[in-house]
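Structure, as structure tokens:
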Amino acid sequence: MARVAIIGVGAIGGVIASLLEQIGRHEVFLCVRRPLAGLTVEKPEGGTVSVRAAVVTDPAAAPTVDWIMVATKAYDVPGAAKWLGMLRAQGAPVAVLQNGVEHRERFAPYVPMESILPVVVDCPVERQAPNRVRQRGVMHLKAPESALGRAFVELFAGTPTDAVEVPDFLSAAWTKLCNNAAGVLPTLLLQPAGVFRDEAIGDVARQIVRECIAVGRAEGARLGDELAETVLQAYRAAPSDSLNSMHADRLAGRPLELDARNGVIVRLGQKHGIPTPSNRMAVALLTAMVQKMS
Ligand SMILES: NC(=O)c1ccc[n+]([C@@H]2O[C@H](COP(=O)([O-])OP(=O)(O)OC[C@H]3O[C@@H](n4cnc5c(N)ncnc54)[C@H](OP(=O)(O)O)[C@@H]3O)[C@@H](O)[C@H]2O)c1
């Protein structure tokens, strides 16, 4: 049994809470910034799970725990960090369940490096209301092979999750980034995934991913040339009306994970002297469009 705090109970945090609820082995605390009256998660295997974990709204009243899982958006890290002082009173590790490749860098100002566990999350899930989440498929969690990674995976033993340690976490994170990077196009165009079926848009998507592959390789990730086509075909095979989470954020007027998903490719490309014109243009256009709306 472990005491587990989840900071950020949206789509991903909600699924994590439901999985831990299903096995009933851990004491779970939901750290939220607005009161949460119950949480119901629709499960892919059918039925729903009602999460009965304790809800905490005040970081100053947070309990001391054994594990912390952060599932806020990447741009909400400073807010998430306000919870860490009390939760980490005994040095609990922090699993960062966010997109991108800079999990450690984001939390380095707040947590010692050896206590940060980056996690790659794959899960088709939407938050339908503040207290209702619809999980449409299995959650896949990848953590680096390490003592912390092993302890993290063990927390999920007995849950219907695919939680694993991977020997080459860097490549896993960059592979996911390649997927996310192409998602900037529907977000820019305000058209769902069906837009990838257009030949010209497909070519731009391949180019965005090729830049990500080049920068990822310079960072040490092992990424095959075929990944650009794999990513495009996955988007083309998705339901034509599906929305990626950055697109959903734009429609809802929320901030965007643009820096974590595309800005990082431009920044690290610059560091390695690798041109990233497609990502650079996407970041500039989307930033200008969002600023114009606000
Ligand atoms: N959704 C997916 O399908 C998916 C799949 C794979 C990976 N991811 C990644 O997983 C991460 C989480 O995404 P998500 O889709 O779960 O986001 P989300 O549904 O927007 O949930 C984020 C949650 O964080 C909360 N939050 C923000 N600041 C907080 C603070 N200071 N204290 C407590 N809670 C705070 C938000 O609270 P409010 O309700 O008050 O705004 C919201 O409930 C992102 O990096 C995303 O890219 C998502």
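Arrange the following residues from fewest to most other Cβ atoms within 10 Å of their Cβ: Ile7, Ile116. It would help to have the intermediate numbers written out before the result.
On the way: Ile7 30, Ile116 20.
So the residues, fewest neighbours to most, are Ile116, Ile7.
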How high is the relative contact order of the chain? Use alpha-carbon pairs under 8 Å, at least six apart in sequence, and give a whole percent. 14 percent
Along the charge dipole of region 3-166, Cβ charges K/R +1 and D/E -1, which of Ala61, Ala163, Pro35 sits furthest on the positive end? Pro35
State, to one decimal in nm, how far the label point of Val166 lies from the label point of Arg132, with both points 7 Å from Cα in the Cβ direction. 3.4 nm
Only bridges with both residues in region 1-127 count here: give the DSSP antiparallel percent, nearest 5. 15 percent
Long-range HN-HN contacts of Arg132 with modeled amide H, under 5 Å: Thr40
Run the dipole for the chain about the Cα centre, Lys and Arg Cβ at +1, Asp and Glu Cβ at -1, nothing else charged, and hand back the magnitude in debye, nearest 20. 680 debye
How large is the charge dipole for region 1-92, taken about the Cα centre, if only the Cβ atoms of Lys, Arg (+1) and Asp, Glu (-1) carry charge, to the nearest 20 debye? 180 debye
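Remind me, relative contact order of region 3-166 in percent, using alpha carbon pairs under 8 angstrom and six or more residues apart?
Working: 348 pairs, mean separation 37.4, N = 164.
Reported as a whole number, the value is 23 percent.
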Counting residues in the chain as N, plug N into 2.2 N^0.38 Å and put the Cα Rg over that result. 0.98
On Cα atoms only, tilt of 199-219 relative to the major axis of the chain in degrees: 60 degrees
Test of the criteria: in region 1-88, which GluC sites (Glu not before Pro) are in a DSSP loop and have at most 11 other Cβ atoms within 10 angstrom of their Cβ? Glu45
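Using helices alone, what [θ] at 222 nm do you get for the chain, with -39,500 (n - 2.57) per DSSP H run of 4 or more residues, divided over all residues and rounded to the nearest 500? The partial results should precede the final answer.
Working: 12 runs with 121 residues, N = 294.
After summing the helix terms and dividing by the residues of the chain, the value is -12000 deg cm²/dmol.
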Dipole of the chain [Lys/Arg +1, Asp/Glu -1 at C-beta], most positive-end residue of Thr287, Leu19, Asn99: Thr287
Taking the 0 to 90 degree range and rounding to the nearest ten, how far is the long axis of helix 169-182 tilted relative to the main principal axis of the chain, both from C-alpha atoms? 60 degrees
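Could you sort 105-111, 80-86 so that the peptide with the highest average Cβ count within 10 Å comes first and the rest follow in order? Write out the running numbers ahead of the final one.
Numbers: 105-111: 17.0, 80-86: 19.7.
So the peptides 105-111, 80-86, ranked by packing, come out 80-86, 105-111.
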Ala248 to Glu45: extension gain in nm, 0.36 nm per residue of separation minus the Cα-Cα distance? 70.6 nm
Counted charge near Glu42, where neighbours are those whose Cβ lies closer than 13 Å (Asp, Glu -1; Lys, Arg +1): +3
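Relative contact order for region 170-293 using alpha-carbon pairs under 8 Å, separation at least 6, rounded to a whole percent?
Values: 151 pairs, mean separation 40.7, N = 124.
That works out to 33 percent.
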With Cα coordinates, the longest principal axis of the chain makes an angle with the long axis of helix 11-23, in degrees rounded to 10, of 40 degrees
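Kindly work out what percent of the DSSP beta bridges joining two residues of the chain are antiparallel, to the nearest 5. Could you put the intermediate results ahead of the total?
Numbers: 11 of 39 bridges.
If I count the DSSP bridges inside the chain, around 30 percent turn out antiparallel.
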Can you sort Asp162, Asp76 by how many other beta carbons sit within 10 Å, fewest first? Asp162, Asp76
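All of the numbers you see were taken from the coordinates with simple rules; none came from a lab. Nothing here was measured: the structure is a model prediction, and the numbers come from that model. Cβ coordinates were reconstructed from backbone atoms using ideal geometry, including for glycine residues, and neighbour counts include every protein chain displayed.
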